[in-house]
Amino acid sequence: MSGFRDERLAVLKAKIATLEAGGRADSESLPFGDPRIDSCFLGDGLPLGCWHEFGAEGMEAETAACPAAFAALVAAPLARRGEAVWILRRDDLFAPGLVGLGFPAERLIQVCARDEDEALAVAEDALATPGVAAVFAEVEAVSLTAGRRLQLACEKRGATGFVIRRRPYGGKARGATGSAAASR
């Protein structure tokens with residue numbers, strides 16, 4: 001009788017793990033290569049199939065050069081698997097600079113959005129598109145509702161999203177907000 005109970009318990013644990021992995025039994029992660037960082041994440045690396053938020057302070061929050069470079073470095077292995085869509089509101093992404101970071105520019109699709117709402121809508125559509133491995137969206141903030149929509153789009157096809165918080169030039173910083181991101 002104990003063996004039957006143990007077997008049912010193991011099946012139940014496997015179902016719970018699948019639910020926690022967004023419906024995928026084998027949740028994949030992207031390791032940073034440093035155990036001190038990788039151990040901070042449940043899967044020993046940045047979880048894939050969800051979205052992550054990168055940001056900065058001061059003038060860097062307006063240019064977003066460092067967060068964009070960091071996101072490109074992290075996502076370079078993903079971009080080799082499929083297309084990478086980069087949604088921006090200012091046409092100032094320097095693709096040759098991404099190549100210098102090891103990012104495959106031949107996989108890059110750039111989209112200029114007219115406002116924040118359009119940028120988030122394009123990101124949601126891109127995340128749910130077959131063949132897209134990574135999506136970058138430069139926006140100022142993501143509401144909890146928009147964040148949940150991004151997460152559902154990630155889960156639909158397994159793509160990974162990177163939100164790069166970028167404030168308009170001269171704009172006032174918004175206060176801290178909640179987030180549905182897997183990591184910030």
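Overview of results
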read-out: 10 Å beta-carbon shell around L88, net charge (K/R +1, D/E -1); value: 0
read-out: 13 Å beta-carbon shell around G45, net charge (K/R +1, D/E -1); value: -3
read-out: Modelled label reach - T63, point 7 Å along Cα→Cβ, the range 92-122 residues with backbone N closer than 19 Å; value: 92-101
read-out: Under 5 Å, built H, 5+ apart or other chain: amide partners of F32; value: D38, L46
read-out: Under 5 Å, built H, 5+ apart or other chain: amide partners of A137; value: I87, F162, V163, I164
read-out: Virtual spin-label span in nm between L144 and L73, 7 Å along Cα→Cβ; value: 3.4
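Quick note: the coordinates plus some simple rules give every number you see, no bench work behind them. No experiment lies behind these values; they were computed from the predicted model shown. As a convention, Cβ positions derive from the backbone with ideal geometry for all residues, glycine included, and neighbour counts pool all protein chains shown.
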